[in-house]
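Contents: one structure, followed by commentary.
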Amino acid sequence: MTTHYRACHLCEAICGLKIEVEDGEIVDIRGDENDPLSRGHICPKAVALKDLHEDPDRLRAPVKKVVAEDGSVDWHTISWEEALDTTARRLAEVHERNGVNAIGVYMGNPSVHNYGMMTHQSALFAHIRTNNRFSATSVDQLPHHLVGIWLFGHKLMFPIPDIDRTEYFLMLGANPIASNGSIWTVPDVRRRIKDLKKRGGKLVVIDPRRTETAELASEHHFIRPGTDAALLLALLNTLFAENLANPGKLADMVSGLDSVAEACSDFTPEAVAGFCGLEAETIRGIARELAAAGAGICYGRMGVSTQAFGGLCQWLIQIINIATGNLDREGGMLFALPAFDNVANTGRGGFGRHHSRVRGLPEFDREIPAAALAEEITTPGEDQIRALFTGAGNPVLSTPNGRQLDEALDGLEFMVSLDPFINETTRHADIILPPTSPLEHDHYDIGFHVNAIRNTARINEPVFDKPEDALHDWEIFNELGRRFAAYTDKESRPTPAPRELIDMALQAGPYELDLATLQDKPSGVDLGPLKPQLPERLFTADKMIHCDTPEPLADIERLRQGMQGDSGSLLLIGRRHVRSNNSWMHNYRRLVKGKPRCTLMMHPRDMAARGIGNADEVSVRSRAGVVTLPVEATEDIMPGVVSMPHGYGHDRSGVRLETAAAHAGVSVNDITDELALDALSGNAAVNGVPVEVVSVSA
Ligand SMILES: Nc1nc2c(c(=O)[nH]1)N[C@H]1C(S)=C(S)[C@@H](COP(=O)(O)OP(=O)(O)OC[C@H]3O[C@@H](n4cnc5c(=O)[nH]c(N)nc54)[C@H](O)[C@@H]3O)O[C@H]1N2
Ligand SMILES: Nc1nc2c(c(=O)[nH]1)N[C@H]1C(S)=C(S)[C@@H](COP(=O)(O)OP(=O)(O)OC[C@H]3O[C@@H](n4cnc5c(=O)[nH]c(N)nc54)[C@H](O)[C@@H]3O)O[C@H]1N2
Ligand code: SF4
Ligand SMILES: [Mo]
């Protein structure tokens, strides 16, 4: 028996694991008590790492699609030589004939959990500087990046809730008990919330659903989806009107708060109460308690990012943290200082430097909103996408109006996917390049230490040897880069192995660590709690935080317009479950067992009004499409709101995910709307979609 130490890479909590292997097989996975960040915590998904590794549906060699004369599709195993050469040649042909923008790129969420994808994608993409780049960012955390740029001068400057030392925590649109935290690496959040309450602190949750997190909170308030920006403005209004705003030591490095005070002057609690569905006195109470706390937090995630006012919400949240003096305060919001300092190591990011061809949507960091991918493939003209590269993503299930994209992908001349599975997206590829299993390569978390509540670092060796004739993601990028460069007469410079890059970055980093030191400590090293770092850590030219950001200030007018009138439609929101992970963890019996999770949660009052019985099949219709699924009656959802999880809809022809197909569900993104974006940021508004619900049970 051998024992292996490993950080779980499935979600942002990056829990330390202890994995026991006997005769080449995993016999036990448990939490690593010595991990200074996760302290032994794990969730049910960790054990599924074994299932993922052993999954018979996981591709072990490249495959190419072969279509028979009768239209039937078969996948043939091919050599790496053929797979890499064909991919590079076909991409080069499109590049040659139609220009670089004819190649589209979509990178999905697990790229950020796998360092080789981050350090090495440029080995290929340095040669394909296409304007048609997309990623899951624009269905997720895009507003956080923009706020980072606007206020702190860098797209990765994320203020992190210091939950272990706070007294008052105001949380909007996040459900960490299910998600284990986001833009907030906080393993064992349940215990931390309990500790907060034990020391007399308070957690207040604002969510249209009484979630698992709301259940634990000191207070929970329902809010009408999409109205949080008005609530946040009313909180600021109260802070300024009652003279409670006090930036404290931030005063010397902050300017422009007066402009915000002026902009929110008509957003009194009374003015927004009806729109948001909270009492005016409740809003005032929250503002007063947050101001009175010695250290407080205002934090918001998916529910306030992926909605019609996502950019404005995330900006207002940080303005509140500044106005209450809680930014850069212990027990408030602090910036992490990772050993591999990916903030110092990456560009600051830009916004709106070019726009998408068809709809004129703004780029962020050279990417345009994923909601525009289908139209960029189907709309003829110069710079139309004709070839597509996808890596670690499943946009057919994860981006708005995925059904439209599903159809659009068939029109491509060539598609290649870097992915271990034949799923709803990769089934459209001509070639699939499967990387090694996660446990066959080493692991260092470049992505998430910047979100973490404590500074720690760990490198972990592979649990299993790399099989003969297998390639890591980063090796695939290096090889594709070299071959594409050869076909297009460019000079290629393969990037050194990720380990070397990490070693260099660690040595250059703030703790002057190196790989050898970390290798001796497989449970990780503790670098201490987060500390105040401003103004030194600011990336703004004058080391100041300018709160009078023109773009979000101007967006307040759009909110005012939006507050007029109510269509009376039901509003659809999303949800997550601890045993699921976006679209790709439904192939494991131990995670999907139990009652079906892909249901429409609905309030009994709304059901009665429509003659819907419990467990009826209902059709849910939006502007974009319709899906049919079972309804689940619950008083835990606000009347007028319905909720459905994402990442389901696996029963499509050609998908090779046996267990997932048997628990297929339907995809909520068949009815989210590719035209419904936050006009400020370009982020998808997958929460707050107007829908009609009708029983289809006889
Ligand atoms: N188990 C599990 N864990 C995961 C994932 C997963 O799929 N499964 N995915 C990972 C990823 S990629 C991410 S980004 C994170 C996301 O992490 P979180 O943001 O914590 O996760 P969600 O469960 O989407 O929480 C969003 C909440 O917003 C609420 N909401 C919806 N609309 C509104 C609104 O208009 N206003 C307000 N105030 N609330 C609203 C929803 O009811 C929901 O409770 O989770 C990560 N962790
Ligand atoms: N309606 C609605 N839509 C949403 C959300 C929502 O809350 N509601 N959440 C959004 C969010 S937060 C996110 S992050 C996105 C996720 O959207 P995507 O990133 O597009 O989708 P995933 O489901 O994460 O797909 C992961 C893919 O990566 C592959 N993969 C896993 N590990 C590796 C690896 O190491 N290497 C390679 N090459 N491939 C790998 C898997 O096989 C799978 O195909 O979905 C978004 N979509
Ligand atoms: S919470 Fe679960 S999925 Fe997330 S890192 Fe920890 S064990 Fe892995
Ligand atoms: Mo995400």
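FYI, it's all coordinate maths here, none of it is from the lab. Please read all numbers here as calculations on a predicted model, not as lab measurements. Reconstructed Cβ throughout: ideal geometry from the backbone, glycine too, with neighbour counts over all protein chains shown.
What fraction of the DSSP beta bridges in region 569-698 is antiparallel, stated in percent and rounded to the nearest 5?
So the antiparallel bridges in region 569-698 amount to around 70 percent.
Between ALA457 and residues 5 or more places away or on another chain, which pairs have amide H atoms under 5 Å apart, with H built 1.01 Å from N, and which residues are they?
VAL525, LEU527
Roughly how many nanometres apart are two label points built 7 Å out from the Cα toward the Cβ at THR2 and ASP70?
4.8 nm
Of the DSSP beta bridges with both residues in the chain, give the percent that are antiparallel, rounding to the nearest 5. Don't skip to the answer; put the middle values down first.
Numbers: 45 of 84 bridges.
Expressed as a percentage, antiparallel bridges in the chain total about 55.
For the pairs LYS155/LYS521; LYS45/LYS593; LYS18/LYS593; LYS50/LYS593, flag any whose C-alpha to C-alpha distance is greater than 23 Å.
Details: LYS155/LYS521 31 Å; LYS45/LYS593 13 Å; LYS18/LYS593 25 Å; LYS50/LYS593 16 Å.
Too far apart for the 23 Å limit: LYS155/LYS521; LYS18/LYS593.
Note down, for region 567-695, the three equivalent ellipsoid semi-axes (square root of 5 times each alpha carbon gyration tensor eigenvalue), biggest first, whole angstrom.
24, 19, 13
What share of all Cα pairs of region 565-618, in percent, falls into each consecutive 10 Å distance bin?
Binned Cα distances yield the sequence 17, 39, 28, 14, 1.
Show log10 I(q)/I(0) for the chain at q = 0.07, 0.08, 0.10 Å⁻¹, two decimals, from a solvent-free Debye sum over equal Cα scatterers.
Taking Cα atoms of the chain as identical point scatterers yields -0.45, -0.60, -0.97.
What length, rounded to one decimal in nm, is gained on full extension from GLU413 through to GLU215, with 0.36 nm per residue of separation minus their alpha-carbon distance?
Details: separation 198, 0.36 × 198 = 71.28 nm, distance 5.03 nm.
Extending this stretch completely gives an extra 66.2 nm.
Taking θ as phi - 60°, what are the ³J(HN,Hα) couplings along region 37-42 by the Karplus curve (6.51, -1.76, 1.60), each to the nearest whole Hz, with x for Gly and Pro?
9, 9, 6, x, 5, 9
At 0.36 nm per residue, and after removing the present C-alpha to C-alpha distance, how many nm does the segment from GLU617 to ASP636 gain when stretched out fully? The partial results should precede the final answer.
Values: separation 19, 0.36 × 19 = 6.84 nm, distance 1.99 nm.
So the extension gain works out to 4.9 nm.
Compute the relative contact order of the chain as a whole-number percentage, counting only Cα pairs closer than 8 Å that sit 6 or more residues apart in sequence.
Details: 1631 pairs, mean separation 138.4, N = 698.
Worked out over the chain, it gives 20 percent.
Could you calculate, for region 501-573, the ratio of the Cα radius of gyration to the Kirkwood radius, expressed as Rg to Rh? Mind showing how you got there, number by number?
Working: Rg = 23.2 Å, Rh = 18.0 Å.
Radius of gyration relative to Kirkwood radius: 1.29.
Loop-only GluC sites (Glu not before Pro) in region 1-95, please: DSSP not H, G, I, E or B, and at most 15 other Cβ atoms within 10 Å.
Answer by residue number: GLU33, GLU69.
Normalised by the residues of region 567-695, what does the relative contact order come to in percent, with Cα pairs under 8 Å and at least six apart?
The normalised contact order for region 567-695 reaches 37 percent.
R0 = 56 Å: FRET efficiency of LYS198 with GLU491, Cβ-based, nearest 0.05? Write out the running numbers ahead of the final one.
Details: r = 61 Å, r/R0 = 1.09.
Working from the Cβ atoms, E equals 0.35.
How far apart, in nanometres, would the label points at SER122 and ARG590 be if each is projected 7 angstrom from Cα along the Cα-to-Cβ direction?
3.9 nm
Using a 10 Å cut-off around each Cβ, can you sort TYR106, TYR511 from fewest to most neighbouring Cβ atoms?
Listing TYR106, TYR511 from fewest to most nearby Cβ atoms yields TYR511, TYR106.
List, in order, the whole-Hz ³J(HN,Hα) value for each residue of region 24-30 obtained from phi through the Karplus relation with A = 6.51, B = -1.76, C = 1.60 and θ = phi - 60°; use x for Gly and Pro.
x, 10, 6, 10, 7, 10, 9
What residues qualify as long-range amide H neighbours of VAL63, i.e. H under 5 Å apart, gap of 5 or more or another chain, H built at 1.01 Å from N?
Excluding prolines and chain starts, which carry no amide H, the hits are ILE78, ILE432.
Write down the Kirkwood hydrodynamic radius of region 7-124, to one decimal in angstroms, obtained as one divided by the mean of 1/r over all alpha carbon pairs.
18.2 Å
Considering only DSSP states other than H, G, I, E and B, which GluC sites (Glu not before Pro) in region 611-698 qualify as loop sites with at most 16 other Cβ atoms within 10 Å?
Qualifying residues, ordered by number: GLU635.
What residues qualify as long-range amide H neighbours of THR390, i.e. H under 5 Å apart, gap of 5 or more or another chain, H built at 1.01 Å from N?
Answer set, sorted by chain and number: TYR106, VAL416, SER417, LEU418.
Which residue, chosen from ALA371, LEU232, SER583, occupies the Cα position most advanced towards the positive end of the dipole of the chain, where the dipole is computed from +1 (Lys, Arg) and -1 (Asp, Glu) charges on Cβ about the Cα centre?
Going by the charge dipole, the pick is LEU232.
How high is the relative contact order of region 34-119, given as a whole-number percent (alpha carbon pairs under 8 Å, six or more residues apart)?
13 percent
What's the local net charge at ASP365, with K and R +1, D and E -1, over the other residues with C-beta under 14 Å away?
+3
Can you list the HN-Hα couplings for region 180-187, worked out from phi with the Karplus curve (6.51, -1.76, 1.60; θ = phi - 60°), rounded to whole Hz and with x for Gly and Pro?
Using θ = phi - 60°, the values come out as 6, x, 8, 6, 5, 7, 9, x Hz.
With viscosity set to 1.002 mPa s at 20 °C, what whole-number translational diffusion coefficient in µm²/s follows for region 2-54 from Stokes-Einstein and a Kirkwood radius over Cα pairs?
Rounded to a whole number, D works out at 195 µm²/s.
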